[in-house]
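Each remark here refers to the structure printed beneath this line.
Quick note: the coordinates plus some simple rules give every number you see, no bench work behind them. All figures in this text were calculated on a predicted structure; none of them were measured in a lab. Note that we place each Cβ from the backbone using ideal geometry, even for glycine, and neighbour counts take in every protein chain shown.
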Amino acid sequence: MFQTDRAPDFKTVLLASGVVLTLAMGVRHGLGFWLQPMSQAHGWTRETFSLAIAMQNLMWGAIGPFTGMACDRFGTARVIVLGAFLYAAGLIWMALVAQPVLFVVGSGVLIGAALACTAFGAVSGIVGRSAPPEKRSWAFGISSAAGSFGQFMMMPVEQQLISLAGWQQAFFWLAALVLVAMLPMAFRLREPPLAKATQEQSIGEAMREAFAYRPFQLLVAGYFVCGFQVVFIGAHLPSYLKDKGIMDPNVAVVALALIGLFNIFGSYYAGKLGGLLPKRFLLAGIYFSRTVAIGLFLAAPLSTWSVYIFAAAMGVLWLSTVPLTNGIVAGIFGVKHLSMLSGFVFFSHQVGSFLGVWLGGWLFTRQGSYDTVWAITLALGIFATLINLPVREQAIARPLAVN
């Protein structure tokens, strides 16, 4: 049902995986809207909800390599079906559970595992294997743009659900939407047949080869910074704006939607440029530009328009690292174990995500401001700029090619 010896239609793969990414990333991107209403309803500090989101990101990364192995071995469609049910269960858990430890652990495991089954790490393998090599970077850009479109589309949807139905009922509606949208798309994903040569390398051999290779180590280190920056901003920006006197919740809604809107273009053109220019230079440029944008946002007088300009700038740079990073991994190691290797790289991203969102809540609880976390975010941006420059993109030399 899920696998065939016939080559799948490339456009069908892009469309179906794009819908899955739209929902997976869109729902997750808006969870910050629940921080204040849930904290007030349950009498929690911001640290509790922040820890739950942090746990989701950490579990997403930790489980990602294993779901990647499953995608490479059994097919992406089966993994997405499992992920859709886990996503719905996780959202229902967040609606019903009020005990802090159970809320943090349960939602962390369920939503984290769901994202590992439905987001970029899982989808990258089938996209990379279905795309012609000359269009692979562009295809990764399309996938990233789909995730960005979800962030743009779902921000007003989630905010309106909370306003109209209440924060608890909004979770139930989102759970139903995930199932209705994701399950039909999973059945449209057929794995392409692999050339015989690509069958030779085992999972263990692929892992040992990758982690012993210096460019892979540098990508892993750099991707940590991406996770720290984007998840801290995505989860804490609405609360930061209220703390600074921008009380209209629509400003945060528009800002997060602008991030998603502009990253549609940023992701697409990053993937397209990745087929023309050295990807390592593009990655370094993205991290440096993020650092400049954050620094200017903090230095300038805060206003509605400064928030919107910052959101648009960050949107261009938000997920544009994804097609470039996946493109480098595919170019170096081939596509046979691409979901698994992308999962390992993404685990580093999610360790950064965990620290970014949790540290934001932890330091705010103790210091009453986000100043220290913003400073860390700037320093990490410089680090990521420098560490991506020496990455080599050439295919690794092997006795038998696996590309």
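How would Ser306, Ser202 line up from fewest to most surrounding beta-carbon atoms within 10 angstrom?
Final ranking by Cβ density, sparse to dense: Ser202, Ser306.
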Average Cα contact separation per residue, segment 16-147, under 8 Å, 6 or more apart, as relative contact order %:
37
Pair Leu298, Arg188: separation of 7 Å Cα→Cβ label points (nm):
4.3
Output the 0 to 90 degree angle, nearest 10, between the alpha-carbon long axis of helix 76-96 and the longest principal axis computed from the alpha carbons of the chain.
10
Which of the following values of semi-axes √(5λ) of the Cα gyration tensor in Å was calculated from the structure shown: (1) 66, 21, 20; (2) 33, 24, 18; (3) 46, 22, 18?
(2)
Rounded to the nearest 10 degrees, the helix 249-274 long axis (Cα) sits at an angle to the longest Cα principal axis of the chain of 20
29 Å Cα-Cα reach of Lys11 towards lysines, excluding residues that sit fewer than 8 places from it in its own chain:
Lys135, Lys196, Lys272, Lys279, Lys336
Report the Cα centroid-to-centroid distance between segment 251-272 and segment 53-67 in angstrom, as an integer.
24
Among Thr321, Thr12, Thr22, determine the one that fluctuates most according to a GNM of the chain built with springs between C-alpha atoms less than 10 Å apart.
Thr12
What number do you get for segment 283-350 when its Cα radius of gyration is normalised by 2.2 N^0.38 Å, N = residues?
1.44
For the chain, the longest principal axis of the Cα atoms and the Cα long axis of helix 136-165 enclose an angle in degrees, to the nearest 10, of 30
How about Lys242: which lysines have a C-alpha closer than 26 Å to its C-alpha, ignoring those fewer than 8 places off in the same chain?
none
Round to a whole angstrom and tell me the spacing of the C-alpha centers of segment 131-192 and segment 336-403.
23
Based on alpha-carbon atoms only, what is the radius of gyration of segment 23-134 relative to the globular estimate 2.2 N^0.38 Å?
1.16
